[in-house]
1. Residue check: is Gln604 loosely packed, with under 14 Cβ neighbours inside 10 Å and not aromatic (Phe, Trp, Tyr)?
2. May I ask you to list the residues in region 644-690 that are over 20 Å from Gly78 (Cβ atoms), of a type in the set (Lys, Arg) and open to solvent by 70 Å² or more (accessible area, probe 1.4 Å)?
3. State which residue is farthest from Tyr135 (Cα to Cα) when the search covers only region 193-248 and only residues that are buried (at least 20 other Cβ atoms within 10 Å of the Cβ) and aromatic (Phe, Trp, Tyr).
4. For region 316-332, which residues satisfy the criterion of being assigned to a helix (DSSP H, G or I) and over 13 Å from Pro392 (Cβ atoms)?
5. Which one of these does Thr550 not meet: (1) open to solvent by 20 Å² or more (accessible area, probe 1.4 Å); (2) more than 21 Å from Leu680 (Cα to Cα); (3) under 48 Å from the mean Cα position of the chain (by Cα)?
6. Taking region 109-143 as the search range and keeping residues that are open to solvent by 30 Å² or more (accessible area, probe 1.4 Å) and aromatic (Phe, Trp, Tyr), which one is modelled with the highest pLDDT?
7. So which residues in region 531-544 are open to solvent by 60 Å² or more (accessible area, probe 1.4 Å) and assigned to a helix (DSSP H, G or I), if there are any at all?
Amino acid sequence: MIAASLSALLRSALSHHGRFVASYPLPFLILPIALTCGLCFGFTKLGQLSRGQNSFDLYIPHEGLSRTGRDQIKQQFGTTYMAELDPINGVTFCLIVKRHDGGNILSSEFFAEYTWLRKSLEAISVPFNGSRATYAQLCLRDPRASSANCLPDFVEAITQQGIEGYTDIMRMRFPDATVRPPGYVQSLNMRVPLGGVILSSRGFIVSAEAAQMTFHFPFHNHKLAREWEAQMRDLIKLWSSSLIDISWLSVSQFQRDADSMAIFLRDLTPSLLMVILVFCIGAGCVADWVHSKPDVAVGGVLSAIAAIGSGFGLSLLLDVPVVDIVFVAPFLILSVGVDDMFIMLAAWRKTSCTATVQDRLAQTFADAAVSVTITSLTDGLAFAIGAVSVFPAVRYFCCFCVASICFTYLYQITLFAAFMAYSGRREADNRHCLFLTRLPTSSEAVDRSLFYKVFCTGGDGKISTPGRREMMDEGASSIDSTGDCMGISAKDSMLNVLFRRYYAPLLQWRCAQVIALLSYAAYLVIAAIGCGSMNVGMNYTELLPDGTPTSLYLEDYGRLFAAHSTPPLEVLVVDEDMSQTETQHAALQLVQRLEHDAFTGKAQMWLLDYLLFRDRLSDRSRDFYETIPEFLNQLAYRHYQTHLRFDPLNRRVTFRFLVDTHDLTYGHERVFLLFVKSALEQTALSNVTAFHTTFQLGEQQDAVLPAMLQSVGTATVVMLIVSFLLIPKLACSVCLAACIISTNLGVIGAMSLWGVRLDMISMITLLMSVGVSVDFVAHVSYFYVEALQKNMTASQAQYALWSLGLPIMQGALSTICGMLVLLAIDAYMIRAFVKTMMLVVIFGLYHGLVLLPIVMSLFIREDHIPKESTKPAGKMQPADKEMVASVMSKRRTPIYMSTSEERTTTDSVPPSVEPKLSRRSSFWKALNKSEQTDSDGGVPLTPIVVSKSRKVLNWLMQHDPALDQYPAYSTNSLHRIEIDEKF
């Protein structure tokens with residue numbers, strides 16, 4: 001099969017590579033470090049590529065209406081109408097002022113405090129043209145005012161006759177009111193900037209919780225506005241009042257608060273490294289000072305760090321923009337990067353300590369080749385699919401992750417392999433894992449103190465009972481130990497013992513299988529409930545740490561003002577001949593469709609006023625374009641100058657008009673967006689677009705679910721192809737697909753129930769979940785099929801769990817440790833990321849270590865798997881016995897064997913056979929004779945357990961722990977002993 005061929009080719013290639021690295025480790029240690037140092041020059045561009053990249057635009061589709069509509073309006077008029085009035089994208093400074101106790105602000109004390117605060121802020125001065133200028137000289141002017149005053153403050157306009165003027169507010173309707181600010185020749189219809197309003201039965205204002213104070217600057221005073229803001233920020237920090245609280249927002253403050261996320265993540269990086277390093281060192285240590293691998297653990301962490309540095313450096317050199325969420329990637333890549341280390345370490349411990357370092361590293365790479373490749377390939381492909389997402393932030397994040405994962409794989413087979421080679425040499429010399437001094441074995445220190453035996457001896461695995469490597473190579477016996485190196489210290493690897501002796505047999509019980517399947521049914525029900533209640537989309541506050549000035553302002557605004565204080569909808573019409581009646585009718589029809597809907601109010605359009613203006617002209621026959629300048633010079637219509645551009649020669653008009661909006665609270669943005677799109681599609685005007693600040697949220701809500709389904713679906717198909725190419729069993733590919741889909745359904749459902757919305761953050765982790773799911777499932781599937789191919793006497797699930805149960809668990813725990821460090825940052829984005837990754841790891845373990853072994857043991861049988869060719873089973877011939885005796889005598893361990901009570905020649909152990917293999921049998925009694933010696937040299941005999949049937953042999957080894965010390969063979973594997981030099 002293709003999968004078998006590719007798997008064998010990969011094993012062979014990496015085996016030769018491992019042997020070469022073991023022979024010449026130094027170049028593989030120096031070259032990756034040199035490459036990392038060179039690529040790290042890319043970090044010199046970090047400040048340049050991260051500047052200005054934290055806009056919310058990065059979290060919306062790159063071809064959405066919010067982006068194209070805004071760009072077209074800017075192209076025609078230089079800026080959007082709301083840009084200068086938008087505190088996030090413009091140069092407006094907004095403050096929400098409320099009482100300490102949350103009570104009614106409609107009182108003389110509050111308005112006195114409010115007025116004093118505003119006058120203090122307006123008195124701030126900044127250097128300007130050789131002197132100092134206050135807000136009055138720098139503010140954005142209102143063309144409707146006779147003296148070109150600053151845009152009016154509503155409360156100031158109401159209280160112009162004194163602070164008792166607040167009583168006028170209580171005679172106004174809400175949310176719009178008619179007032180006449182100072183300097184205006186006529187009254188204005190203004191949106192009342194009050195929040196938390198309670199109305200009477202007649203619609204009048206009874207009380208309010210907060211008032212909004214705004215300061216507007218034109219774009220050309222951008223730098224001066226920043227200087228003014230710096231002084232305003234200092235004044236607010238020093239402001240002390242027993243009556244009012246202040247929350248405030250500006251574009252630069254939003255940027256600073258967004259940047260603080262990256263600063264927090266950067267400061268947490270040392271803590272992450274320490275946690276992962278301590279965990280890996282602990283996982284690499286066993287109860288033997290020689291066989292413990294803290295040096296390998298350090299090498300694995302350093303390799304992951306080097307991969308992150310190289311991946312980030314290369315991405316920066318390629319000018320990939322940096323967004324805040326990118327700084328989460330090291331926490332993820334570092335946790336994922338050490339997974340391969342655990343797999344390699346588990347493969348190393350299965351090798352024979354008596355073999356050379358070259359042979360051991362070659363065998364390690366051969367055993368771990370497919371697993372390590374699957375881990376890196378699946379994770380890399382999952383992020384590569386995300387790199388073509390419609391969301392820029394997701395694309396940039398995935399680009400950094402793809403580069404880092406590629407270097408993770410490269411450094412795993414070079415830099416980390418060199419660390420393993422040097423550690424293998426240390427182990428071969430029987431040196432201490434920390435102090436590198438040579439240690440005697442415990443048998444060589446019989447007369448020394450207990451302290452010396454505990455802390456100053458090691459390497460006992462090298463004199464363990466023979467045959468352990470053959471046992472695992474041939475699958476001819478129980479898998480009770482973790483390899484020749486650990487042959488007599490299996491008790492030190494408690495999780496391996498747990499997986500082999502207790503957990504794997506537990507999964508074979510019918511009762512346990514029924515319970516597991518019932519739990520999976522409950523899992524599906526809960527997932528379905530959660531998926532049905534999933535909230536979609538994110539808002540501005542989710543990009544910020546909790547407790548920052550911007551997040552506090554946005555929380556107050558969303559709670560008190562969002563329902564009635566949203567900015568107007570801006571509609572752009574380009575190059576139309578408005579002198580034509582048909583065109584006028586189409587424009588007015590568009591206005592009619594847009595206004596007075598569930599989320600819109602009255603439209604403000606120049607054409608309506610202009611047609612009335614022309615009706616009042618004495619000469620109505622004058623050309624349509626001739627009277628436009630006269631219309632715009634009228635004081636009442638002067639504000640339309642920024643809304644209209646006309647070309648009388650070509651008889652074309654480009655204009656924009658505004659439509660009031662309301663009740664655009666969270667969750668309604670998508671409905672409003674679809675309503676506007678529908679109105680634009682129905683119009684007869686040829687070139688029309690629109691823009692509203694909530695389009696960003698609406699488009700994200702509209703696009704995130706299809707984007708997630710497309711990305712996860714594509715990733716699943718790709719993972720299936722990868723698994724089919726590397727795992728020689730179609731049924732395993734089906735199980736793989738089912739586990740991926742099931743894991744993602746469970747994660748999405750649990751996310752919803754845990755308060756996490758489906759947005760860009762969770763979308764990234766869902767992509768990651770595809771790779772993680774494949775890691776867990778593919779590893780178990782591969783070793784399950786390998787056990788079937790090799791005719792293991794132990795159950796296939798037992799072999800698979802023994803081989804990779806421990807490294808899978810260690811990899812999952814390392815990921816959880818990395819995620820827990822992130823909880824030090826109090827921000828929704830981090831909480832969502834951690835929660836989703838926790839769910840991915842937990843559900844991935846559930847599928848890989850619980851469901852999959854049960855499903856495969858039920859539905860994937862031995863007769864469905866191609867077997868490796870072996871010598872047909874038969875009776876042990878005298879020549880075989882002599883050969884075994886000859887080989888074993890070289891190690892001064894004579895043979896004792898007996899098969900007198902073996903009654904079956906089948907591959908199974910019928911119940912009738914078990915009593916014959918009990919402790920009362922002559923076989924058992926003979927095997928447990930402990931005082932047998934060699935007649936020539938007096939060397940104690942070491943029995944060899946020999947069985948014609950692998951199943952019988954497995955039963956024997958499982959039912960008496962005393963047999964752990966004996967090497968075991970089946971007659972099918974004896975013909976290979978002669979050519980096994982490592983034996």
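1. Working: loosely packed, with under 14 Cβ neighbours inside 10 Å: no; not aromatic (Phe, Trp, Tyr): yes.
No; evaluated as a whole, the condition is false for this residue.
2. Arg651, Arg670 - these are the residues of region 644-690 that are over 20 Å from Gly78 (Cβ atoms), of a type in the set (Lys, Arg) and open to solvent by 70 Å² or more (accessible area, probe 1.4 Å).
3. Here the answer is Trp248.
4. Result: Leu316, Leu317, Phe327, Val328, Ala329, Pro330, Phe331, Leu332.
5. The number of the failed condition is (1).
6. Here the answer is Trp116.
7. Within region 531-544, Gly532 is the sole residue that qualifies.
For every residue, the table says whether it meets (1) open to solvent by 40 Å² or more (accessible area, probe 1.4 Å); (2) closer than 15 Å to Ile305 by Cα.
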| site | (1), (2) |
| --- | --- |
| Ala8 | yes, no |
| His16 | yes, no |
| Pro25 | no, no |
| Cys37 | yes, yes |
| Cys40 | yes, yes |
| Thr44 | yes, no |
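The values are calculated or read from the model by the stated rules, or taken from the named source; none is laboratory data. None of these values were measured; they are calculated from a predicted model. Counting neighbours? That spans all protein chains shown, and the Cβs are built from the backbone with ideal geometry, glycine included. Protein only, heavy atoms only, side chains kept; ligands, DNA and RNA dropped before computing areas. Shrake-Rupley method; radii C 1.70, N 1.55, O 1.52, S 1.80 Å.
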